[in-house]
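Below is one structure, written out as structure tokens; comments come after it.
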Amino acid sequence: MRKKIIAGNWKMNSDIDFGVDFLQKITQIQPPSGVEVILGVPFISIYELSKVSDFVSIAAQNCHQKESGAFTGEISVNMLKSAGASHVILGHSERRQYFNEFDELILEKMSIALKAGLKVIYCCGEPLDQREAETHEAFVKSQLSDSILKLSEDQMKQVVIAYEPIWAIGTGKTASSSQAQDMHAFIRHLVKEEFGQSVGEELTILYGGSVKPANSEELFAQPDVDGGLVGGASLKTESFQQIIQSMKPV
Ligand code: PGA
């Protein structure tokens with residue numbers, strides 16, 4: 001049975017006090033059974049927040065591709081692990097756009113994160129011009145071919161994919177449930193082709209891009225949408241809670 005996940009991505013928002021308060025509130029209501037909740041928080045909050053809740057796992061939003069060394073200002077996977085992170089978000093479109101991250105580098109980061117025992121939430125997704133030109137599948141396929149499709153089968157089993165069309169991130173524009181479903185089915189098909197039927201069936205694929213209480217239930221009802229990666233709406237306890245509760249128990 002594939003895992004259902006609601007993950008928040010706080011990006012460069014929140015401080016430690018905000019995070020502790022948020023988690024204490026979120027923790028008062030249990031998620032539907034079988035639904036895992038993960039929060040991607042700023043590095044400085046990981047240690048404190050990983051101690052607050054029994055059921056909310058903490059993700060980092062980036063890591064360096066080397067184990068250690070003279071890389072002033074960077075953070076290693078072992079540091080994240082020792083601070084209490086269980087996951088790391090890699091390949092987010094903001095990292096690709098503002099920090100020139102590309103799939104070969106993201107593959108290096110994934111490999112070192114998986115080696116350290118962190119699970120990876122790998123983000124992919126097309127910009128608006130690719131969607132308009134109807135080349136979005138080819139675009140996402142090339143992202144996957146240069147990164148996760150090069151992992152070993154054992155590594156792949158520790159990866160969650162988040163499909164996040166760039167034109168839907170932070171814009172208030174959401175992909176329709178059928179656009180999300182079509183791309184998720186396509187991604188699952190590619191993973192099955194590379195790793196076999198059962199790895200593809202077990203793969204959790206999240207949708208990200210302006211997920212909010214008003215659209216989450218319909219998105220999550222799609223057969224290949226196994227949850228969400230939520231930005232803006234994960235910063236408000238009420239809306240994040242509503243999004244979690246809109247998942248069907250498994
Ligand atoms: P959004 O962000 O929900 O604010 O669109 C999603 C993301 O960037 O992961």
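What shape does segment 148-250 have by the C-alpha gyration tensor, where a ≥ b ≥ c are the square roots of the eigenvalues, rounded means a/c under 1.5, and otherwise prolate means a/b greater than b/c and oblate the rest? Prolate, because a/c is 1.5 or more and a/b exceeds b/c. If the segment from LYS248 to GLN30 were pulled out straight at 0.36 nm per residue, it would be longer than the present Cα-Cα gap by 77.2 nm. Of TYR207, TYR98, TYR163, the sequence from fewest to most neighbouring Cβ atoms within 10 angstrom is TYR98, TYR163, TYR207.
Ordered by the number of other Cβ atoms lying within 10 Å of each residue's own Cβ, fewest first, MET79, MET12 fall into the sequence MET12, MET79. Local charge for GLY84 was computed over the other residues whose Cβ lies under 12 Å away, with Lys and Arg +1 and Asp and Glu -1, and equals +1.
Near GLY19: Cβ cut-off under 15 Å, other residues only, Lys/Arg at +1 and Asp/Glu at -1. The net charge is 0.
What distance in nm lies between label points placed 7 Å from Cα along the C-beta direction at SER142 and SER53? According to this spin-label approximation, the distance is 3.8 nm.
Taking 15 Å as the cut-off, the amide N atoms of segment 143-157 that come nearer than this to a point 7 Å along the Cα-to-beta-carbon line of PHE102 belong to 143-147.
Based on the Cβ-Cβ distance from LEU128 to GLN197, what FRET efficiency comes out when R0 is 35 Å, to the nearest 0.05? According to the calculation, E is roughly 0.55. State whether the chain is rounded, prolate or oblate according to the following rule on the C-alpha gyration tensor (a ≥ b ≥ c being the square roots of its eigenvalues): a/c under 1.5 gives rounded; otherwise a/b larger than b/c gives prolate, and the remaining case gives oblate. Cα axes put the chain in the rounded bin.
Of all lysines in the structure, the ones whose alpha carbon falls short of 26 Å from that of LYS66, not counting any fewer than 8 places away in one chain, are LYS11, LYS81, LYS109, LYS115, LYS119, LYS150, LYS157. The simple Förster model, with R0 at 22 Å and r as the Cβ-Cβ distance, assigns LYS173 and MET12 a FRET efficiency of 0.50. Of interest is the spacing of the C-alpha centroids, which for segment 1-52 and segment 210-231 amounts to 17 Å. Among HIS189, HIS64, HIS87, HIS92, the ranking by other beta carbons within 10 Å of each residue's beta carbon, starting with the fewest, stands as HIS189, HIS64, HIS87, HIS92. In terms of its alpha-carbon gyration tensor, segment 73-156 comes out prolate; a/c meets the 1.5 threshold, and the first ratio a/b outweighs b/c.
Bear in mind that the values in this text are calculations on the coordinates, not laboratory data. Everything numeric here is computed off the predicted structure, so don't read it as measured data. No Cβ is skipped: glycine too gets one built from the backbone with ideal geometry, and neighbour counts run over all protein chains shown.
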